[in-house]
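Beneath this line is the structure, given in C-alpha cells, with notes to follow.
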C-alpha cells in the first residue's frame, strides 16, 4: 500500500478534508555502544528507514486532536496546547504532549492546535525507538509550523526532556539524537558526555544490517532500566571518592581495573565494568569499520552482547537465543542485542547471499526454543526526521 494515501483516507474519515503536510521521523538501531549513553560514553547508532509518518493540518483553536492508525482502539485523543500534564488516559499521546509542554516551558508556546494522523512502521515495543521517533517528529512539526528556528540539537534535547521529565523514563540522549540527526548511509559516533559527534560512512561491502525482533514486548518505564542507571551512578560515586571523574565513560579498561576494588558492591562493580569496556569497544569498533575491517567490527559486536548478558544482565533468554543462533549461522559477521534489552531486537551484519538462510534457519530454531516466531527486517540507513 502507499502509506501516505492510506493515511490521507484515514485523515479525511476522522477529521474531514483539510490542507495537510506530511512528515517522517525514522527509528534507530544502535550498532554498538549499549547502556553507555547515560554513563558518559560513546554510542554508534544510525537512523533506519522504518519509522513514524504524520499528516498534519492546522486548527483555528488551541486544541490538538491526534489519531494513531497503529493504536486505533485508543480513538481520537484531544489535548490543549498549553499547561499539559502527564495523563494516563491519554496513553501513547503523552509522547507528543510531552514535547508540546517542553517547548512551551523553553519559551516556545504553540499558538494553535493541529489535527494529526500518525502511522508507524516500527514494531511497537521492539527497542527501535518508536517513542523517540514520535517525540522528535512532534518537535519537528511544531518547529516547522511556528517557525521557531530551533537548532536541530536543541530540538533533540527537548524531545529527550519530554521522555525524562514528562513521561518519566530516565533515558539518555542517544535515541532522540539518532532520530533527529540521522544521515543516509552513515552511522553517528556520538560522545554522550559532550554531544560532540561525527558521521562515519557505513561501507558494508556485500553485507546488510538485519534486525531480528524477539517479539517479546518490553516496556522501558517498567523495566529494570532505571535500576541499572542508579547502580552505575552508585558505582561512579564510589570511584569519585578516589579519582576526580565526571562519568564512567572517562575511564580506560586499565584505569577501571586499577580502581574497581573501590566499588564495594560486586553487582555495581560488574555494571560499571560493562559501561567502561563497552565504551572502549565502541571506539575500537568505529576504528575497525573505518579501516575496512568488517570482521573486527563483528567480533566487537559479539563481545558487546556477551558483556550485556553477563555484566549488565539486560538480555534474557529471547535475545540470547537469537544472538547465539546468529553466531553459529554461516555468513554472519557479528550479532548483538540492540536497545535497552529485556526483549526487543538483535542487530546482525549478514552477507547478502546468506540473508534468506539466516531468516529461515534462525526463525525455525528460535521458534523451537521460545515457542513463537521472530520477525526480521533488512534495515536501510536513513536521514533524520523532517517534512516529506
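Consider the stretch 195-206 and keep the residues that are on the phi < 0 side of the Ramachandran plot and modelled with pLDDT under 90. The one that is nearest to the chain's Cα centre (by Cα) is 202.
Determine whether residue 382 is closer than 17 Å to residue 30 by Cβ, within 19 Å of the chain's Cα centre (by Cα) and surrounded by fewer than 24 Cβ atoms within 10 Å (Cβ to Cβ). The answer is yes for residue 382. Residue 358 falls short of the stated requirement of being in a strand (DSSP E or B) and buried (at least 18 other Cβ atoms within 10 Å of the Cβ). Restricting the stretch 342-388 to residues that are touching a helix residue (DSSP H, G or I) at 6+ places or on another chain (Cβ under 7 Å) and over 15 Å from residue 322 (Cβ atoms) leaves a set whose member that is modelled with the lowest pLDDT is 378. All of (1) assigned to a helix (DSSP H, G or I); (2) at positive phi hold for residue 12 with one exception: (2). Residues being touching a helix residue (DSSP H, G or I) at 6+ places or on another chain (Cβ under 7 Å), part of a loop (DSSP other than H, G, I, E, B) and surrounded by 23 or more Cβ atoms within 10 Å (Cβ to Cβ) are entirely absent from the stretch 76-86.
Filter the stretch 362-377 for residues that are closer than 25 Å to residue 202 by Cβ and surrounded by 15 or more Cβ atoms within 10 Å (Cβ to Cβ); which is nearest to the chain's Cα centre (by Cα)?
Of everything passing the filter in the stretch 362-377, 377 is nearest to the chain's Cα centre (by Cα).
When 70, 39 are screened for being in contact (Cβ under 8 Å) with a residue 12 or more places away in the chain and within 30 Å of residue 333 (Cα to Cα), only 39 passes.
Within the stretch 304-319, take every residue that is buried (at least 18 other Cβ atoms within 10 Å of the Cβ) and over 20 Å from residue 232 (Cα atoms) and give me the one that is nearest to the chain's Cα centre (by Cα). Filtering first and then ranking leaves 319. Going through the stretch 1-36 one residue at a time, which ones are over 19 Å from residue 65 (Cα atoms) and without any contact (Cβ under 8 Å) to a residue 12 or more places away in the chain? Residues satisfying the conditions are 1, 2, 5.
The number of residues in the stretch 87-107 being touching a strand residue (DSSP E or B) at 6+ places or on another chain (Cβ under 8 Å), over 15 Å from residue 119 (Cβ atoms) and surrounded by 15 or more Cβ atoms within 10 Å (Cβ to Cβ) comes to 3. Strands (runs of 3 or more DSSP E) fully within the stretch 184-270 that include at least 3 residues being surrounded by fewer than 21 Cβ atoms within 10 Å (Cβ to Cβ): 197-201. When residue 124 is tested against (1) surrounded by fewer than 16 Cβ atoms within 10 Å (Cβ to Cβ); (2) modelled with pLDDT of 95 or more, only condition (2) is not met. Only a single criterion out of (1) more than 21 Å from residue 187 (Cβ to Cβ); (2) touching a strand residue (DSSP E or B) at 6+ places or on another chain (Cβ under 6 Å) is not satisfied by residue 282, namely (1). If you go through the stretch 35-75 and keep only what is within 30 Å of residue 277 (Cα to Cα), assigned to a strand (DSSP E or B) and touching a helix residue (DSSP H, G or I) at 6+ places or on another chain (Cβ under 6 Å), you end up with 42, 43, 45, 47.
Go through the stretch 301-351 and give me each residue that's part of a strand (DSSP E or B) and over 14 Å from residue 34 (Cα atoms). Those that are part of a strand (DSSP E or B) and over 14 Å from residue 34 (Cα atoms): 332, 333, 334, 348, 349, 350, 351.
Checked against (1) at pLDDT 95 or above; (2) within 17 Å of residue 31 (Cα to Cα); (3) touching a strand residue (DSSP E or B) at 6+ places or on another chain (Cβ under 7 Å), residue 309 meets all criteria but (3). In the stretch 154-183, the residue that is surrounded by the most Cβ atoms within 10 Å (Cβ to Cβ) out of those that are assigned to a helix (DSSP H, G or I) and in contact with a strand residue (DSSP E or B) (Cβ under 7 Å, 6 or more places away or on another chain) is 179.
Yes/no per residue for (1) crowded, with 21+ Cβ neighbours inside 10 Å; (2) touching a strand residue (DSSP E or B) at 6+ places or on another chain (Cβ under 9 Å); (3) over 27 Å from residue 378 (Cβ atoms):
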| residue | (1), (2), (3) |
| --- | --- |
| 3 | no, yes, no |
| 28 | yes, yes, no |
| 43 | yes, yes, no |
| 65 | no, yes, yes |
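Entry remark, the stretch 132-153: residues being free of Cβ contacts under 8 Å to residues at least 60 places away in the same chain, farther than 22 Å from residue 113 by Cβ and part of a helix (DSSP H, G or I) number 1 in total.
Reported count of residues in the stretch 94-131, each being outside any loop (DSSP other than H, G, I, E, B) and closer than 17 Å to residue 176 by Cα, is 13. Residue 25 - would you say it is at pLDDT 95 or above and in a strand (DSSP E or B)? Taking the combined requirement at face value, the residue satisfies it.
The values are calculated or read from the model by the stated rules, or taken from the named source; none is laboratory data. Keep in mind it's a predicted model, so treat the numbers as computed, not measured. We place every Cβ from the backbone using ideal geometry, glycine too, and count neighbours over all the protein chains shown.
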